[in-house]
Amino acid sequence: MQTIKMGDTTTSQVTSAVNNFYDRTMLKAARPLLVHLRWAQVRDIPKNQSLVIKFRRYSLLAAATTALSEGVTPSGSQLSITDVTATVAQYGDFIIITDVLQFSTFDPILTETADKLGQQAGNSLDQLCRNVMVAGTTIQYASTATTTDTVTVSMKLTRNEIREAVRTLQGNNADKITRMVNATDGFNTSPINAAFVGIISHNTLFDLKDETGFIPVEEYANKKDIMDGEVGAFDEVRFVMTTNASTVTGSLTTVHRTMILASDYYGISRISGEAMKNIVKPLGSAGTGDPLDQRSTSGWKATFVAKILNENFAVRVEHGVSA
């Protein structure tokens, strides 16, 4: 009797299509929109150099308001730098596929497997990045709340909350975002119209549509640089929706954590040439470990780290949503 190991994908999970006529176009999997990597500084580490990346920030010089004296050389100023380091780690997963599954189904199982693994990889990195982003220390609690546990359902993301977050960013001398990472072409960047960017959940969008001054994306006068997933704008903030938006369980309700981002809030890094790999091992490639050519594998492996670079360049607004 053949022994199936825990984790093997067999005909028990994907039924055979033999003698069955059906539409072989598989249902499109529900996929969260992957947005959290888009507005990061990207600094890759050359291969065989290190796992540690150093991001360097130069502080602004103080205003020179003292008049010069004739013939007297002033003392001058010094540059002030802040170094932020982060260590790249590996992430990955794989699927085991049996030979029986491969020869008994009409479905292009390896192609479908690679597609699903690719989505898993993107989703994994998106959530890793999100978890770093929401750990920032510039926090705004909606309405009269003072902690996560005092946020109630009625304390929603309103126009006043958005304006307050914008005021905080402006007071911190934060610049608007003008470029976006385009993951489809190797993490190059493309320009966008200057704005702060808000990352919201679908539940938050439901409430935001009722706010006076919110402009749905369909009503934009200029639609040339609409971002994937962009749903609308208010004041100086353009909003992108994703089901990966951060939430946390509070004492009184599920608290939604909307991120209002400025430029250079965070950075990401990978190892050049090792950023993402799809690894396929065919039947029998394990040698004596697979003596009857019964198992193949398909998997992904990535190197990644995200790091906050300046706590003052984003506001996390904690609020409730309508039930």
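The values are calculated or read from the model by the stated rules, or taken from the named source; none is laboratory data. Note that the coordinates shown come from a computational prediction; the quantities given were computed from them, not determined experimentally. Don't worry about glycine lacking a Cβ; one is built from the backbone with ideal geometry, like all the others, and counts go over all protein chains shown.
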*asked:* Looking at residue 243 and the list (1) of a type in the set (Ser, Thr, Tyr); (2) in contact with a strand residue (DSSP E or B) (Cβ under 8 Å, 6 or more places away or on another chain); (3) surrounded by fewer than 16 Cβ atoms within 10 Å (Cβ to Cβ), which single condition is not satisfied?
replied: (2)
*So residue 125 clears everything in (1) among the hydrophobic types (A, V, I, L, M, F, W, C); (2) outside any helix (DSSP H, G or I); (3) in contact with a Leu (Cβ under 7 Å, 6 or more places away or on another chain) except one condition, right? Which one?*
(2)
*residue 284 out of contact with any Phe, Trp or Tyr (no Cβ under 7 Å at 6 or more places or on another chain), among the small types (Gly, Ala, Ser), more than 20 Å from residue 240 (Cα to Cα) and without any contact (Cβ under 8 Å) to a residue 24 or more places away in the chain*: yes
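Mind checking which residues of the stretch 33-91 are among the β-branched types (Val, Ile, Thr) and part of a strand (DSSP E or B)? Quick ask: steps written out before the conclusion?
Restricting attention to the stretch 33-91, the residues satisfying the condition of being among the β-branched types (Val, Ile, Thr) are 35, 42, 45, 52-53, 65-66, 72-73, 81-82, 84-85, 87-88.
Those that are among the β-branched types (Val, Ile, Thr) and part of a strand (DSSP E or B): 42, 45, 52, 53, 81, 82, 84, 85, 87.
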*Inspect all residues belonging to the stretch 38-54 and state whether any of them is in contact with a Ser or Thr (Cβ under 8 Å, 6 or more places away or on another chain), farther than 27 Å from residue 280 by Cα and free of Cβ contacts under 8 Å to residues at least 60 places away in the same chain.*
yes
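Evaluate the following for residue 136: is it farther than 21 Å from residue 245 by Cα and either in contact (Cβ under 8 Å) with a residue 60 or more places away in the chain or in a helix (DSSP H, G or I) (or both)? Talk me through it step by step, then tell me what you get.
Details: farther than 21 Å from residue 245 by Cα: no; either in contact (Cβ under 8 Å) with a residue 60 or more places away in the chain or in a helix (DSSP H, G or I) (or both): yes.
No; evaluated as a whole, the condition is false for this residue.
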*Consider residue 233 against the criteria (1) more than 23 Å from residue 131 (Cβ to Cβ); (2) modelled with pLDDT under 95; (3) surrounded by 16 or more Cβ atoms within 10 Å (Cβ to Cβ): it satisfies all of them except one. Which criterion is unmet?*
(2)
*Taking the residues in the stretch 259-279 that are surrounded by 15 or more Cβ atoms within 10 Å (Cβ to Cβ) and β-branched (Val, Ile, Thr) as candidates, determine which candidate is farthest from residue 314 (Cα to Cα).*
271
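Residues are listed down the side, and each one gets a yes or a no for (1) closer than 17 Å to residue 314 by Cβ; (2) in a helix (DSSP H, G or I); (3) in contact (Cβ under 8 Å) with a residue 24 or more places away in the chain:
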{"position": "166", "(1), (2), (3)": "yes, yes, yes"}
{"position": "173", "(1), (2), (3)": "yes, no, yes"}
{"position": "203", "(1), (2), (3)": "no, yes, yes"}
{"position": "233", "(1), (2), (3)": "no, no, yes"}
*asked:* So residue 133 ticks every box in (1) more than 30 Å from residue 282 (Cβ to Cβ); (2) modelled with pLDDT under 85; (3) aliphatic (A, V, I, L, M) but one. Which box is left unticked?
replied: (2)
*Considering every residue within the stretch 245-268, establish whether at least one is under 30 Å from residue 110 (Cβ atoms), within 15 Å of the chain's Cα centre (by Cα) and among the hydroxyl-bearing types (Ser, Thr, Tyr).*
no
_Within the stretch 213-230, take every residue that is in contact (Cβ under 8 Å) with a residue 12 or more places away in the chain and closer than 19 Å to residue 190 by Cα and give me the one that is surrounded by the fewest Cβ atoms within 10 Å (Cβ to Cβ)._
222
*Could you say which residue among 69, 77, 104 is out of contact with any Pro (no Cβ under 6 Å at 6 or more places or on another chain), without any contact (Cβ under 8 Å) to a residue 12 or more places away in the chain and more than 30 Å from residue 304 (Cα to Cα)?*
69
*Could you pull out the residue among 299, 250, 273 that is out of contact with any Phe, Trp or Tyr (no Cβ under 8 Å at 6 or more places or on another chain) and either hydroxyl-bearing (Ser, Thr, Tyr) or modelled with pLDDT under 95 (or both)?*
273
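Is it true that residue 248 is touching a strand residue (DSSP E or B) at 6+ places or on another chain (Cβ under 7 Å), over 18 Å from residue 35 (Cβ atoms) and loosely packed, with under 14 Cβ neighbours inside 10 Å? Even if it seems obvious, please write down each step before you answer.
Values: touching a strand residue (DSSP E or B) at 6+ places or on another chain (Cβ under 7 Å): yes; over 18 Å from residue 35 (Cβ atoms): yes; loosely packed, with under 14 Cβ neighbours inside 10 Å: yes.
When the stated conditions are applied, residue 248 passes them.
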*Does any residue of the stretch 146-162 turn out to be within 26 Å of the chain's Cα centre (by Cα), in a strand (DSSP E or B), surrounded by 14 or more Cβ atoms within 10 Å (Cβ to Cβ) and not aliphatic (A, V, I, L, M)?*
no
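Those residues that are surrounded by fewer than 12 Cβ atoms within 10 Å (Cβ to Cβ) and under 26 Å from the mean Cα position of the chain (by Cα), I need them from the stretch 59-86; list them, please.
Matches in the stretch 59-86: 82, 83, 85.
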